[in-house]
Amino acid sequence: MLEEGMALEITEKSGPTDAVIESSEATTDSGLLFARFSHPRSQTKTRIALVSDMHVSTEKQGTWKVFHRTRDRLRTVIEDVNSRDVDSVVFAGDLTEDGSVADFETVRSLLADLDVPFVAVPGNHDVPKSFDAHETPALSSFESNFTPDELPFHRQVGGVDVIGLNSASTPTGTLSDCHDGCISAEQLAWLDETLPKTDAPIVVSHHNLPGLGDKTDAHSWRSSFPMQNASDLAELLSRHDVPLHVSGHLHVPATAETMGVRELLAPSLCSFPQAYLLFDIDRNGTTVRFVPTAGPEGTREAYMHAKKDSARSDALAEITAARLDSLPLVDERLLTSH
C-alpha cells in the first residue's frame, strides 16, 4: 500500500519487465546469480553482504530515490542479513540522503538491530558540502560510527581482506563544492603499503574506476560525478594484482574491467531495483547474488517513480532493467572452464 499522497498510476502493462518483477520475489534462498569471479579466493568460506546508496531520509518524499521507503528498505536488509550466515556487512556509501544529523541518527538507530559486524565508506551525500544549508557531521563522526577506527581501513572478514577507501572527501576540502570523488595521495600511499600484506583483497570505495567512463549515452550516466583520479587508483590496484574493486554511486548494477582489475557496481537500495548483494568467497572464487528488498508492488512503484521523475532517471531505470534481464553480468568460472 502506497503512503498517502504518493499514489502512482500503475497498470498491468506499466513497469519493468516480467523478469525483473520475478526477481523481486526472491525465488531462491540466496537470491539471483549476479556475477561469478575467479578471484578473490579464500580457503575460509566467507559471506559478505554489500549494501550501497541507501539515501536514508527522515523528511523527503518520493522522487526516483523513493525517499518514503528508504527506512523500510534498510529494515528489510537488516532482517534478511540477520537470518543468513553473514560474516559482515559492508556499506558502499551514501548511507544518508544529505548528511543531516537526523538522517545519520536514523541510520545508527536502525543499524543497532543488525546482529553482525559492519563497516562503511562515505558517499558524496554523507560528507559536509559548502552548498548545504544544514549541519553535516564531520568526517571524524562518520569514522567513529561506521569504520573500525578511521579511513582508510583494512578489516579481515573470514578469509577476505576488506579495504575501505574514502573517495568522498579530501583533507584539503577540494570536493566540498561538488559531488565528484578523489582518492587522496595519503590514501594511495597507505594502500600501496597495505596491499602486499593481504591475501584476498576486495577494495571498496563509493566512486568508480574509469572502466565505465569511456562510454557515454544520451544521459551520460557513466560519467556522472566521477572519481577525479580514478586512473591513479586503477594503476595501483593493477600493479598489486587486486582482483576486484566494488563501488556504488551510479545506481546502476554493472561490471567493467580496467587494467586487469574487475569492477563491480552495486545496485541501489533506495531506487529501482532496491536490492543488495551477497558475496560468497571460497577456494573456487567469488559468487555474487542479487537480493531484492521489495516485492513486486514495491519494485514496480520504484520503477514508475524513476520513469516519471526525469529523463535521466528514466534512462537509469531502462539500463538497470536491461542489466537484470541479462543476469549474470559476468561468469568468469564459466569462461575459464572452456
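Quick notes on this structure:
- Accessible-area value, residue 71, 1.4 Å probe, nucleic acids and ligands omitted, Å²: 80
- Surface share of carbon and sulfur [accessible, 1.4 angstrom probe, percent] for the chain: 46
- Spin-label pair residue 155/residue 180, simplified geometry with 7 Å Cα→Cβ offset, distance in nm: 3.0
- Quarter the surface of the alpha carbon convex hull of segment 230-338 and you get the mean projected area, 8.1 square nanometres.
- Size of segment 221-292 as Cα extents on the principal axes (Å, biggest first): 36, 35, 12
- Per residue, in Å², the accessible surface of the chain once ligands and nucleic acids are set aside, probe 1.4 Å: 41
- Evaluated at q = 0.13, 0.17, 0.19 Å⁻¹: base-10 log I(q)/I(0), Debye formula over Cα of segment 35-116: -0.47, -0.73, -0.85
- Theoretical FRET efficiency, 1/(1+(r/R0)^6), r = Cβ-Cβ of residue 225 and residue 189, R0 22 Å, to 0.05: 0.35
- Cα coordinate range in segment 98-138, projected on the principal axes (Å, largest first): 36, 18, 13
- Taking only the Cα atoms of segment 107-195, the radius of gyration and Dmax are 14.1, 44 Å.
- Stretch in the chain that is longest and holds no GluC sites (Glu not before Pro) that DSSP places in a loop and that have at most 14 other beta carbons within 10 Å: 151-338
The values are calculated or read from the model by the stated rules, or taken from the named source; none is laboratory data. These figures come from a predicted structure and were not determined experimentally. Methodologically, a virtual Cβ is constructed for each residue, glycine included, from the backbone with ideal geometry; neighbour enumeration extends over all protein chains shown. We work out accessible area using only protein heavy atoms, side chains counted, and drop any ligands, DNA or RNA first. Shrake-Rupley method; radii C 1.70, N 1.55, O 1.52, S 1.80 Å.
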